Structures are given as structure tokens and as C-alpha cells.
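Asks: One structure is given below, represented as C-alpha cells, and several questions about it will come after.
The values are calculated or read from the model by the stated rules, or taken from the named source; none is laboratory data. Everything quoted here is computed from the prediction, not taken from an experiment. Cβ atoms come from the backbone with ideal geometry, glycine included; neighbour counts cover every protein chain shown.
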Amino acid sequence: MDNSDRRNQKNYRSLLQAMSRPGRVFRLDALGAVSSFAAAMAIGECLLDPEVSLCVIGNGGVSTLQAVLDGATQVRTESLKTADFIFVCGVRSQGGVRLAKRGRLEFPEEGATLVYCMDSLPAGASDRFRVRLTGPGITGKGGIAPEMRGVPVEEFQELMAVNADYPLGVDAFFVRPNGEVMALPRSTRIQVR
Amino acid sequence: MKPSMPSKAIPPPADWRDSGPPARGHYSYAFLDEGAKREIRRKMLKAVAIPGCQVPFGSREMPIARGWGTGGLQLTLALIGPDDVLKVIDQGSDDSVNAVNIKKFVSRVTGVAVTTDTRAASLIQTRHRVPEEPLQPHQLLIFQVPIPEPLRLVEPSERETRRMHAEADYSRMWLYLYEDIVKFNEITVGARYPVLVNRRHLMDPSPIPRWDVAKLNQGQALCLFCAGREKRIYAVPPHTEVEPLSFDDFAFRAEGFGGRRCGRCGSTATYLDEVIDDAGGGRSYSCSDTAYCEKIRRRGGARGADGPGEGPA
Amino acid sequence: MGYVAVKGGAAAIENAEKFSLARRAGGASALLKPEQIREQLHLAVDRVMGEGSLYAPDLAALAFKQAAGDTFEAAFILRSYRTTLPRLGYSEPIATSGMRVIRRISAAFKEIPGGQILGPTPDYTLRLLDFELQDESASRTRQRIRQLLQEVQLLDPLPERFPKVVEMLRREGLLVRHRHGSGDGDGLVDITRQALSFPAARSAQLQTLARGETGGLLALAYSNMRGYGSVHPVIGELRVGFLPVSYKNPGSGSVECIGEIQVTEAEVISRIAGAEGPAVFSLGYGLCFGHNETKAIAMAVLDRAMACEEPVAPSEDQEFVLTHVDGIESMGFCNHYKLPHYVTFQSELDRLRNIQIGQRPPEDTPS
């Protein structure tokens, strides 16, 4: 099994566990962790190819990330409204998530997959404890607070709004340069205090 | 757009029998190419994100026949890596001809270790049973599914069943069960009992017995389901509500064995296979989960057993 | 006993393979060479290629040998092999008007430009069992063929191209314009890469029919011909011949011919359609690998049947037809019933016994 296939297989297992256990943090085997986009690339190499489409949004590094993902995977580029995958540079989609496709009732799986490419951990307190996650994959009726720090409450609220019409919605990964990854499928119920 | 056509007929190359494909003994790791694996992986993520919802995928033909586990096999091949330990069972048994065949194939194209011990496995591919031993969070249970659509019992058209799922309109399934109760004072559905997942999607748990349905509810491990011929993937994450359809005054019931024990280990708490012993019709019973049965037997038999019991004649 | 013997599974499988080998190759006759199958059983090879969905006559012949003549198994082996092949690219679209024809007929007209070319067909032979083939003399057969080839030199050559009968009808405004099925976007669907969904695009429909099992397609088409449906087909043109396959060289960018494929094409004229606009004939289209006229005609009839505005008969129901014509799927599922089903059967027994007892037994759910 060649090295990149092996890495993709291992990383995929982490992504699958993350999606099965929303709000919990798992670890990707990022490619040497040289660039700040290494972890985002790890997800890209695992999931992207010419059969799907991508749109990169956000602030800082959009064109770089776009070019790097394009080169590595030959993924098709499409607009925010039609893309299968949306990579967000940074942790705020600035309303972009509202434009992403949410699927059709007969085909809810057509909803987009978001990948938030976060920076290294910012200093300062986290308001993650204001957020409560419940639903499939999360133990206990009381739910959990998201384990990943640094995701603004507003972005959780955006996702909450976009996923209000389950099973329509989007599914999100949050990834840090050190390879930490957390998933939030549309099945997760988000409450913000 | 018209292609440019050659002006003359093209004769076949001088000895075109020589231009065949190179000798193949060499397959990609786990047989499927990376593109096929990637597509299956993407669809699996969507299936996990929408528990119980059937996600279509570009199912490939496998060296085993459609209907014989190509779906489960494709999931296993898309997931598996050198660190995995694989268990394959059919009707609960590791030694069933089909389970052995699948295990041989996966071994051949991956070199992974195989086991019959449920606890030692990281990937378990199963046909029609859930292992008796509860699964751990790191384990993956992959179900082979013949017919992924629970509503097929009441509606042959895919377009129509898709609409029913879109609208969460499961009234015809409820009606079907109700009519059974009226006619027979029993629900006649045996295996493939319809369940409601995450209070939203009606799901076919694959032809597992009713005995195993409760194991899907609030489990510890991710359960993945795949129908190769029908080209659908679906999933039940851990800690997810899975409720069999049931009426307030007519509860869902699992199979009963009338207090019989396994003839080999003495267990009364496992799903039993009924075996016709002889021409006279004598019956004996033994655990369907043969590996678990072996474990109990080696430990000295089931608790409370005074030697292996026998089923009544 | 041994279906689920305690430790007999692996041995049983190995023994089964050995027995099959003995049945195929254990007789006194000389072992078949794939090239003998390819040449002398060429129609079986064509069928296997078409249903296997891989244009590879040598491999189809090999698969047919391996399967001891079972076309379902042979097509299955070919499909499974196809899965292992990487996809390098796509050919240029091929215009069948450029076909190097070996057979070309029309039932719609007595005479057509270019002529009715009967070609190699058993259609008008008397199906009398030919006992002379039992001891076929290689030298005499080859002599007869050599003589035929000499006689052929004295005939006028065939035209290189034959105009399409349907194009002539189109030019006169008698035939429906090119049809697009519902669900068509700009691109072609590839049914080997994504699951069919309904209503299916026309490209998905034709691909499914093209790799469909000949007998299954025939049965459904026959039902329509006999009256469970209303296609009332007339063959506008049936062609058998060779098409060049062109490919754009990714390096130089020039389009090059990389070989030819033999295909059978049927264009079937059907009854007057056109609820809006002028009344015109409608068209059904069939195309498959190799020489397989039954399949091409059945395909064309079903193609037209499924375009029916108000489907009533099974052959008119697109979901019904497309879901049930794949031989690998249907054969696999049919035979899967031989797999052990005793756990589910136990569950059914449990239900039936309870009903017979006619009472609710005590709770017996596991803790």
C-alpha cells in the first residue's frame, strides 16, 4: 500500500470516527505539518477528486488553498451555491454557510460538506461551554460541549439555522494545523446559551 | 460536434492477439482503486451524518456475485488498512462457506490478520447477525444488506419509496403491521424488522433476527450497512436511537426459544439455531454465534448449566 | 454434512473448484483454445462482451471458456475484471453513419440507397440440424471459404458509407426530432460510477440497456410487441459493422484512431406521436457490442416503450425495465437464495409457531 494511500486510509478512519462522534476531537496524520494548510490538505487528499466540486471561501489564503487543493486532487471548482465541498479559510464563513447547498428532500445527502480550516489555537478564553451538542453519536441526554476550542458561538448559530430543516442541511469538519479534527453532522442539535 | 472520420476502413493490427493486457496478479491494495474507495468513503460520511438514510453510491462489480455480499465487501475494502483485524461471519458463524470465501478474498488483497474472536476484531463484516458480545467504540460493524428499502414490503417502486422517506410518510408500513395483527393476532415480520432511526428515518436493519434489533439502539460502535446490488449505503452511529415499530397495545417482541439451551455450551441467553438431527425429526439447538459459543464452552459452559442441556423432543 | 460444518467451509470451497475443473476439462476431448471460441463461437463471445460491458473479444472468449459456456457467469467474470482496470480517458463521440457495414437492412422500405445488404445472417437458413458438422473437414471448409473470397473479387465493392434511413425520414419532416429524456443535464451520466435514480436520463437508460442481459431484454420487449404496450415497431434500419474508435492523444492533442469495435445498431420506427406540433413517427434506438441483433432490436423497442407518456404496461415503466435487465445483478440475486438463510428462517418459524399456538407466549426478550 503506498504511503499516500495509507495516510488517506488512516485519516479517513479518523474522519469517520469524528462524524460518528460529533463534538469530540480526533487526530489526523497531517502531511509533515509544514504549512498551516497541511491538515486541510490531509482532508482534501482523502475526499476530493474530479468527481466532486469545491469552493474555497474565507479570509486570508483562499487562492493559495484553492490552488494547492486543485493541484493535488484535480477537484472541479464551482460556486458556493453548487459546490459539494466548501473549504473555509479561518473559522468564520461570514454567512457563506447559508448559501451552501442543503440537499433535496429526496436526496438529502446532496447537502454540502464544509471544512473549516482553523488557525493554530488563539490565546484567550473559549466560549465553547455556551454551546451544548446533543443527538446521534453523543452520549447522554445532557449532551456535551464541543471539545474543539476557538469556534465562535456565532458560527454554531449559523450552522444551527442552516440545519434547522433536518434531514436537509450541511455537514461540517473543523480542523487545526496540528491535525485536530472535530465534526458536526447536520443530525447534531445545537443549543447556545 | 462530428469526429473526424478516417477515409478508409482500418484493418486490425498485424497480430492483435498480442496486444492483450499485461499479466495481472497484481491488484491495488484492497482490490478497489483509490477513486472507487474515495467515492465510497464520501458516501459513508453522508450516511453517518443522516442516520438511517439510504445514500446511493457507484457500486462496483466484485469477484463475488451480486447478492452475495458485494456491498459489505466494498465498505470493508474502502475502510481496511494493514493495522486492522478482520472477522467475517454469516448467520453468526465464521465457518460458513460464504464467510470463509469473503475472508479469503480480503486477506488475499490486503494481507490483514483475521480472527474469529469478536473482541479481537477491529472490522467485523456480517451477514444477518449481530455478534452476541457487545462492541467497543473502536470497532466497526459492517452489515451485508440484500434489500436496503424497508418499504419494499409495501411498495415496489423506488421513486415512490423515496418520496415516502422524503415526507416521513410511513403510514403504509404501520398499516401493514396493523393488518397483520388483525389477521393473525401477531406481527408476521420475522427478520428485517423495520426500525425508526433518530426518530426520523425508517430503516431496514438487514435480515437480522428481531433478537438483534435491540443491539442497534444506543450502541457503542458505528454500524454501517451496504447493499451492493441495490447500490445504497446507510449507517447508525453509536449512541443513536433505533426503535422497532411497535404499537402501544401490541409491543415488539424478539424471538423466543422456550427456555431451550445450546447443546454445546448450555447458554439460554443467545440466539439459537434449530437443527434437524435425524429422519425422525428430532431437534437440537446450538448457538448461532459459533465463536461466542466456543468461548463459553471453554470457560466451562454457561452459568447455571449442569452440563449441556437437551432440547425437548 | 457440511454447509456450515464446524471447520469445513474452506475445504468445501476448494473441493468445489476441483470438481468444476474435472467437469470442464476431465473428458477425453481436446481442451478448447480461447481463439477457437473467439472465432467459432463468435456470437456467444459478442453476447458476453455486451453483457460484460467490456469490448475485449479475447477476454470474453477466455471468460466463456472459464465459465464452461454459462453466459451469465462469463459476463460476470468480465465485469469483475473491468472493475480492476483504471480509467484512462474517454473516446471521441462516434457517428454510426461512418460504420464499415457488413450487414444493413430496412424493413420500412423495399429499396434503400446503397441497397439492402443481407450479410452474414442465419435469418433465411432452414434450421435443419447439420450432421455434416460432426466431422467437419478443416481442409474442405477452408477450401470453400477460399473459393468464396475469390468469387467476391468479381463483385462490385460495397460503398464506404451508407446514408441513414432515419435521416432521410427526418429531412422529410416525418420523424421526431432528436429526443432528450428527462433528467438530462449538459453531461452524460455514467451508470458505472453512480447509482441509477428515476426518472433516469436517456444516457443512463441507453447504457443500462446496452449492458442488459439479452434474454431479459427480449422477454420485456416481446411483451410489448405482443400487446402489453403499443410500440408497433417497424425496423427503419438495422446495421452490423465496425466503427472506428478515436481518442485525443493527451500529449500531442491530436485525435487518433485507436482501433475498431463491432456493433449492432437498430433504429425502430414507432407509431405516430406528437401531442404538440405536427404528427411524426417516433423512434426507438438500440446499440450494443458485437453482433447481437435480437438484443439491439429489443433495446430499441424498450427505448421507445419507456418514452411512453402514460406508462401502463411493465415494458413502459422505466424504473421496472431498467432495474430488472442487468444479468449480473439478477443472476446474483436469484442465486443468492442458495446461501444459508437459517437465521432468518428461524425467525419466521418463531412467528408461525406463535400464530399457530394462537396465544401470546410469555415475554422472552433478552435482558
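Asks: Scanning region B:20-58 for residues that are outside any helix (DSSP H, G or I), modelled with pLDDT of 95 or more and more than 8 Å from chain C (Cβ to nearest Cβ), which turns out nearest to A:L168 (Cα to Cα)?
Replies: The selected residue is B:I50.
Asks: I've got another one for you. Scan region B:88-123 for residues that are over 18 Å from C:I13 (Cβ atoms) and crowded, with 24+ Cβ neighbours inside 10 Å and jot them down. Walk me through how you get there before you give the answer.
Replies: Start the filter on region B:88-123 by keeping residues that are over 18 Å from C:I13 (Cβ atoms), which leaves B:92, B:110-113, B:115, B:117-123.
Those that are over 18 Å from C:I13 (Cβ atoms) and crowded, with 24+ Cβ neighbours inside 10 Å: B:G92, B:A121.
Asks: OK, next. State all residues of region C:30-73 that are in a loop (DSSP other than H, G, I, E, B) and of a type in the set (S, T, N, Q); if no residue qualifies, say none.
Replies: First, pick out the residues of region C:30-73 that are in a loop (DSSP other than H, G, I, E, B): C:30-33, C:41, C:53-56, C:67-70.
Listed by number, the list holds a single entry, C:S53.
Asks: For region B:59-91, what are the residues that are modelled with pLDDT under 95, in a loop (DSSP other than H, G, I, E, B) and either under 28 Å from B:N198 (Cβ atoms) or more than 12 Å from chain C (Cβ to nearest Cβ) (or both)?
Replies: B:S59, B:G69
Asks: Can you report the number of residues in region C:279-309 which are within 12 Å of the chain's Cα centre (by Cα) and in a loop (DSSP other than H, G, I, E, B)?
Replies: Number of matching residues: 3.
Asks: For region C:125-162, what are the residues that are of a type in the set (S, T, N, Q), at pLDDT below 90 and more than 31 Å from the chain's Cα centre (by Cα)?
Replies: Across region C:125-162, the qualifying residue is only C:Q153.
Listed here are the residues, each with its yes/no results for (1) hydroxyl-bearing (S, T, Y); (2) within 21 Å of the chain's Cα centre (by Cα); (3) not assigned by TED's automatic domain parsing to the domain that holds C:E316.
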residue: C:S246; (1), (2), (3): yes, no, no
residue: C:S252; (1), (2), (3): yes, no, no
residue: C:E260; (1), (2), (3): no, yes, no
residue: C:G277; (1), (2), (3): no, no, no
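Asks: Cβ-Cβ distance below 7 Å, separation of 6 or more or different chains: which pairs start in region B:113-142 with a residue that is in contact (Cβ under 8 Å) with a residue 40 or more places away in the chain and end on one that is among the basic types (K, R)?
Replies: If the second residue must be among the basic types (K, R), the pairs left are B:T116/B:K87; B:T118/B:K87; B:V130/B:K215; B:E133/B:R119.
Asks: Something else now. For the condition within 14 Å of another protein chain (Cβ to nearest Cβ) and touching a residue at least 24 places away in the same chain (Cβ under 8 Å), what is the one hit in A:P185, A:P177, A:P146?
Replies: A:P185
Asks: OK, next. When you go through B:R253, B:R297 one by one, which is the residue that is at pLDDT below 95 and assigned to a loop (DSSP other than H, G, I, E, B)?
Replies: After ruling out the rest, the residue left standing is B:R253.
Asks: Please work out if A:L31 is under 26 Å from A:P146 (Cβ atoms) and either at pLDDT 95 or above or within 14 Å of chain B (Cβ to nearest Cβ) (or both).
Replies: no
Asks: For region C:15-61, which residues satisfy the criterion of being surrounded by fewer than 17 Cβ atoms within 10 Å (Cβ to Cβ) and aromatic (F, W, Y)?
Replies: Matches in region C:15-61: C:F19 only.
Asks: Only one residue in C:R170, C:R144 is farther than 30 Å from C:R82 by Cα, in contact with a His (Cβ under 9 Å, 6 or more places away or on another chain) and either among the hydroxyl-bearing types (S, T, Y) or in a helix (DSSP H, G or I) (or both). Which one?
Replies: Result of the check over C:R170, C:R144: C:R170.
Asks: Only one of C:E293, C:E267, C:E310 is under 16 Å from C:E213 (Cβ atoms) and either assigned by TED's automatic domain parsing to the domain that holds C:L196 or surrounded by fewer than 20 Cβ atoms within 10 Å (Cβ to Cβ) (or both). Can you tell me which?
Replies: After ruling out the rest, the residue left standing is C:E293.
Asks: Moving on. Return a yes/no flag: does region C:20-29 have any residue that is part of a helix (DSSP H, G or I) and under 25 Å from the mean Cα position of the chain (by Cα).
Replies: Within region C:20-29, none of the residues are part of a helix (DSSP H, G or I) and under 25 Å from the mean Cα position of the chain (by Cα).
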